[in-house]
């Protein structure tokens, strides 16, 4: 029986690039993208889901490639007027993007779940793969810094990642539960691979893994788990990954990211630039060009990741049978 279901764990921009590549080579109904909800927050009375929306816009072909976030063809009348009135404009909400947050908030207040709303938005925008929030329950990433504890968006956007990070916490994780469709997917006999996209391990992937029961469900699945390094040559392609690693006492390296995931990984894809670190990684290493600058790069990396998973599948299933 064919194994054709792929589950990808993703944050926002970096993860969305690989998710797009996967969507080009995996049938839409065979791809599930798990969205980080640790970045979610309430702003101006609205529920904002930055990572889920970035994934949705990217897979719908609506992402703003100039800014790297938000929707393309955006206008800014709302936030400009808000600023003129003395309102909080540090988190920029475009006019088109604003409609998503208003409608999401209205439907949440009416009793719908975050995942049901996301599924309907994706259907209306023509997104084929399923984008599923890691949990429908409240989970928020917080960071202990030199300025005290900060909510994620205060650290990331308002303070532009300047404070030194000493510790991370995921408020609500112990009471949160994985979405039932994710648990079903991890136990599906047709599961081909679980892919951890090249997102920030601390603030994009770990909030997903922190959901109660998520790590256990992943560890128990029979399909290979393959991560892609977000570090190339000791530097992050985008965002504060390398900065945070140094502040948390870790070398900013591809091998250190793999170590952070512990024994969860069966395979690890890292850039040719980091080949010297391969011996430090416990998982099976695949070297590739991991910088994704265009659509061809995204698709090519997706193919590399799935080939790596396919090569691991027989031995993974064999270990499970022995266990």
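Taking only segment 290-305 into account, find how many residues are under 17 Å from the mean Cα position of the chain (by Cα) and either under 9 Å from residue 17 (Cα atoms) or at pLDDT below 95 (or both).
Total satisfying the criteria: 2.
Within segment 142-167, count every residue that is surrounded by 17 or more Cβ atoms within 10 Å (Cβ to Cβ) and in contact with a strand residue (DSSP E or B) (Cβ under 8 Å, 6 or more places away or on another chain).
9
Quick one: how many residues across segment 83-98 are without any contact (Cβ under 8 Å) to a residue 24 or more places away in the chain, under 25 Å from residue 117 (Cβ atoms) and more than 23 Å from the chain's Cα centre (by Cα)?
Qualifying residue count, segment 83-98: 1.
So which of 108, 183 is surrounded by 13 or more Cβ atoms within 10 Å (Cβ to Cβ), more than 19 Å from the chain's Cα centre (by Cα) and over 28 Å from residue 240 (Cβ atoms)? Full working, then the answer.
Numbers: 183 fails: more than 19 Å from the chain's Cα centre (by Cα).
Only one candidate qualifies: 108.
Sort out which residues of segment 8-30 are outside any helix (DSSP H, G or I) and buried (at least 24 other Cβ atoms within 10 Å of the Cβ), and write them in order of number.
Within segment 8-30, the first condition is being outside any helix (DSSP H, G or I), and the residues that meet it are 8-12, 26-27.
The answer is 8, 9, 10, 11, 12.
Name the residues in segment 72-94 that are within 17 Å of residue 45 (Cβ to Cβ) and in contact with a helix residue (DSSP H, G or I) (Cβ under 7 Å, 6 or more places away or on another chain), would you?
The answer is 78, 89, 90, 91, 92, 93.
How many residues, within segment 168-187, are touching a strand residue (DSSP E or B) at 6+ places or on another chain (Cβ under 8 Å) and closer than 23 Å to residue 15 by Cα? Spell out the reasoning first.
Looking only at segment 168-187, we keep the residues that are touching a strand residue (DSSP E or B) at 6+ places or on another chain (Cβ under 8 Å), and these are 168-172, 176-179, 181-182, 185-186.
After this cut, where a residue has to be closer than 23 Å to residue 15 by Cα as well, the list is 168-171, 176-179, 181-182, 185-186.
The qualifying residues number 12.
Of all residues being touching a helix residue (DSSP H, G or I) at 6+ places or on another chain (Cβ under 6 Å) and without any contact (Cβ under 8 Å) to a residue 40 or more places away in the chain in segment 287-314, which is surrounded by the most Cβ atoms within 10 Å (Cβ to Cβ)? Just the residue, please.
288
Does residue 212 count as modelled with pLDDT of 95 or more, closer than 18 Å to residue 142 by Cβ and surrounded by 24 or more Cβ atoms within 10 Å (Cβ to Cβ)?
Details: modelled with pLDDT of 95 or more: yes; closer than 18 Å to residue 142 by Cβ: yes; surrounded by 24 or more Cβ atoms within 10 Å (Cβ to Cβ): no.
So residue 212 does not fit the description; no.
Among the residues of segment 59-82, is any closer than 22 Å to residue 179 by Cα, buried (at least 18 other Cβ atoms within 10 Å of the Cβ) and modelled with pLDDT of 95 or more?
If we filter segment 59-82 for residues that are closer than 22 Å to residue 179 by Cα, which is where we start, we get 59.
From what is left, the residues that are buried (at least 18 other Cβ atoms within 10 Å of the Cβ) are 59.
Still in the running and modelled with pLDDT of 95 or more: 59.
Looking through segment 59-82, at least one residue is closer than 22 Å to residue 179 by Cα, buried (at least 18 other Cβ atoms within 10 Å of the Cβ) and modelled with pLDDT of 95 or more.
Condition test on residue 249, is it within 28 Å of residue 310 (Cα to Cα) and over 15 Å from the mean Cα position of the chain (by Cα)? I'd like the intermediate steps shown before the answer.
Working: within 28 Å of residue 310 (Cα to Cα): no; over 15 Å from the mean Cα position of the chain (by Cα): yes.
It is false that residue 249 is within 28 Å of residue 310 (Cα to Cα) and over 15 Å from the mean Cα position of the chain (by Cα).
What is the residue count in segment 120-141 for residues that are surrounded by fewer than 18 Cβ atoms within 10 Å (Cβ to Cβ) and either within 20 Å of residue 12 (Cα to Cα) or at pLDDT below 95 (or both)?
Looking only at segment 120-141, we keep the residues that are surrounded by fewer than 18 Cβ atoms within 10 Å (Cβ to Cβ), and these are 120, 123-126, 128, 138.
Next, from what is left, pick out any that are either within 20 Å of residue 12 (Cα to Cα) or at pLDDT below 95 (or both): 120, 123, 125-126, 128, 138.
So the count comes out to 6.
The values are calculated or read from the model by the stated rules, or taken from the named source; none is laboratory data. What you are looking at is a predicted structure, and each value in this text was computed from that prediction instead of being measured. Counting neighbours? That spans all protein chains shown, and the Cβs are built from the backbone with ideal geometry, glycine included.
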